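Shown next, in structure tokens, is the structure this report addresses.
Quick note: the coordinates plus some simple rules give every number you see, no bench work behind them. Keep in mind the model is a prediction, meaning the values are calculated, not measured. Backbone-built Cβ (ideal geometry, glycine too); neighbour counts: all protein chains shown.
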Amino acid sequence: MKSLLGSSSSSTIGPFFSYSQHIPSKPRPLSVSFATNNSRGPAAVSSTTEHMNPPPPYGGDDHQSPVNKKNKEVKLWGGRFEESVTDTVEKFTESISFDKALYKQDIMGSRAHATMLASQGLMTDSDRDSILQGLDDIERQIEAGEFVWRTDREDVHMNIEAALTDLIGEPAKKLHTARSRNDQVLTDFRLWCRDAIDTILACIKHLQIALVALAKKNEGLIVPGYTHLQRAQPVLLQHLLLAYVEELERDAGRLLDCRARMNFCPLGACALAGTGLPIDRFMTSDALGFTAPMRNSIDAVSDRDFVLEFLSANSITAIHLSRLGEEWVLWASEEFGFLTPSDSVSTGSSIMPQKKNPDPMELVRGKSARVVGDLVSLLVLCKGLPHAYNRDLQEDKEPVFDSVKTIIGMLKVSAEFAQNITFNRERIQKALPAGHLDATTLADYLVKKGIPFRTSHDIVGRSVALCVSRNCQLQDLNLDQLKTINPVFEEDVYEFLGVENAIKNFSSYGSTGSKCVADQLDYWVQKLDTNRDTDQK
């Protein structure tokens, strides 16, 4: 990784895990699915929004008769059924249009499961080898865009298993031994979320590095600090930028904590009760990089707390980014004029030729609503479900896919924006005198003179009132004027007045004093160069 002191030009985080195919550099229809096949006939998935079906015409599908079994492929679960499901039900219940994003994790889990079954004598080594070779072939087909995803095969699991059966025959029928789609999908989903967290952590670190680099470029620049969006006290710009870095570090910590709790393996829990077959759940757990198998098979297949926690962490990150976006949008306005984004991260108006809009950060602020909405959707989905599995839980994936795609985009564009803005020193310095930013420092001066703070507060309040009546700043009052308010004022008071002197007088740990901020900056330069091995390439 380049030094923090190096070029501030935009870098690409990589390599992404398999989800990278869903985070294009150029906009395309929102989807978390892989390559589609639009020349394969009606059974193939022909659109990334295939699952969003228009309502049937009046008197249409609502009244259709059951489709005869012989007209459709027999479902892998179809042994006890005399009739096939209707087209309407099939389209409504399919999930392949979005859960094919899990194909890599599904194949990974099947490899581990087949290897375990062979080691336990539940299939022959020859059958295992055929399965592993077949899975390799299917994975190559998918990644080459040649695989036919079929809605009549419902989901990613059935599509891959049916394709494997077509490819290698009887050995494929042994793969689902001691496995249900209930534990299979949770294994896939935990693996996918684990990889997604790793990518988000890399994006967080990339943004932190961009903010630290921006702080280093603006050493000594004092800006107004605000409370209630009213001027409060002077702060170093570096101090504010490092506040964002601190927030992002806690965001990363929440994701790491979530990842640790997520990293337990459901595979082998089967539908809900486990199995009487002699499987080795510890073997598959180890093979897939999990900490251990989940202890309770009912819990393993029924709860989605790991994705609720994941989306909660994403939502908090999104809120932090939204606040950053709000601040920079305000500062880019003519009313503030504190920063100027480069043309490369700005847009214009279709009617007003003069406009230069900080659209990326406005959309960071706006897209935070999506991330929070994804969390709320999943919370409501899960709130009333009995144990163990319910088909409602099919709806858990799209909010997660959307949350991940959105938060990655927000982090990446925020980093790029940070690399392409300039703070306007002259405009900021002209703005500093207004607002009596040194008033609290003057109160501290009086405390050092032995005046109780509440009394000091009143004295400074009356001093500010005098300034307002005379249209001047505290440092403009002469000593006689100050002494008319309270005789405790002495000549050394002017060492506390003015924003530069105010900054010099901050000394508490974590404060905006120059030495304190320099220490904070050094800490982050070292930490981001050495910790969390998620460097960009």
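Can you list the equivalent-ellipsoid semi-axes of region 358-422, largest first and in whole Å, using the square root of 5 times each Cα gyration tensor eigenvalue? Each step should come with its number before you reach the end.
Working: eigenvalues 222, 20, 9 Å².
Result for region 358-422: semi-axes of 33, 10, 7 Å.
Using unit Cβ charges (K, R positive; D, E negative) and no other charged atoms, how large, in debye to the nearest 20, is the dipole of region 181-430 about its Cα centre? Write out the running numbers ahead of the final one.
Details: 28 positive and 31 negative charges, 81 e Å.
Rounded to the nearest 20 debye, it is 400 debye.
Give me Asp129, Asp374 ranked fewest to most by other Cβ atoms within 10 Å of their Cβ, as a rough exposure proxy. Before the final figure, lay out each step's value.
Values: Asp129 14, Asp374 24.
So the residues, fewest neighbours to most, are Asp129, Asp374.
Within 10 Å of each residue's Cβ, count the other Cβ atoms and sort His113, His436 from fewest upward. Show your work: numbers first, answer last.
Numbers: His113 26, His436 20.
So the ranking, lowest neighbour count to highest, is His436, His113.
So what are the ³J(HN,Hα) numbers for region 407-423, from phi and the Karplus equation (6.51, -1.76, 1.60; θ = phi - 60°), rounded to whole Hz, Gly and Pro as x?
5, 5, x, 4, 5, 5, 6, 5, 5, 5, 5, 4, 7, 10, 10, 10, 8
So if we plug the beta-carbon distance of Ala431 and Lys383 into 1/(1 + (r/R0)^6) with R0 = 41 Å, what FRET efficiency do we get, rounded to 0.05?
Working from the Cβ atoms, E equals 0.25.
Evaluate the relative contact order of region 432-526 (contact order divided by residue number), counting alpha-carbon pairs under 8 angstrom at least 6 apart; express in whole percent.
27
Name the long-range amide H neighbours of Ser180: under 5 Å, sequence gap of 5 or more, or other chain; modelled H, no Pro or chain starts.
Here Gly268, Cys270, Ala271 satisfy the definition.
Along the principal axes of its C-alpha atoms, what lengths does region 181-430 span, in descending order and rounded to whole Å?
Here the spans come out as 77, 38, 32 Å, largest first.
Report the per residue volume, in Å³, of the convex hull enclosing the C-alpha atoms of region 432-526.
96
Report the one residue of Thr484, Gln520, Tyr445 whose Cα lies farthest in the direction of the positive end of the charge dipole of region 432-526 (charges on C-beta: Lys and Arg +1, Asp and Glu -1; origin at the Cα centre).
Highest projection toward the positive end goes to Thr484.
Can you tell me the relative contact order of region 362-438? Whole percent, Cα pairs under 8 Å, sequence separation 6 or more.
37
Extending each Cα 7 Å along its Cβ direction at Asp136 and Ser119, get the distance between those two points in nm, one decimal.
Reported label-point gap for Asp136 and Ser119 is 1.9 nm.
With N set to the residue count of region 350-485, report its C-alpha Rg divided by 2.2 N^0.38 Å to two decimal places. Walk me through the numbers on the way to the answer.
Working: Rg = 27.1 Å, N = 136, 2.2 N^0.38 = 14.2 Å.
Cα-based Rg divided by the globular estimate yields 1.90.
Of Lys205/Lys504; Lys205/Lys412; Lys367/Lys412; Lys174/Lys397; Lys217/Lys356, which sit over 20 Å apart, Cα to Cα?
Details: Lys205/Lys504 31 Å; Lys205/Lys412 10 Å; Lys367/Lys412 13 Å; Lys174/Lys397 28 Å; Lys217/Lys356 24 Å.
Check vs 20 Å cut-off fails for Lys205/Lys504; Lys174/Lys397; Lys217/Lys356.
Which order results if His457, His228 are arranged by neighbouring Cβ count within 10 Å, fewest first?
His228, His457
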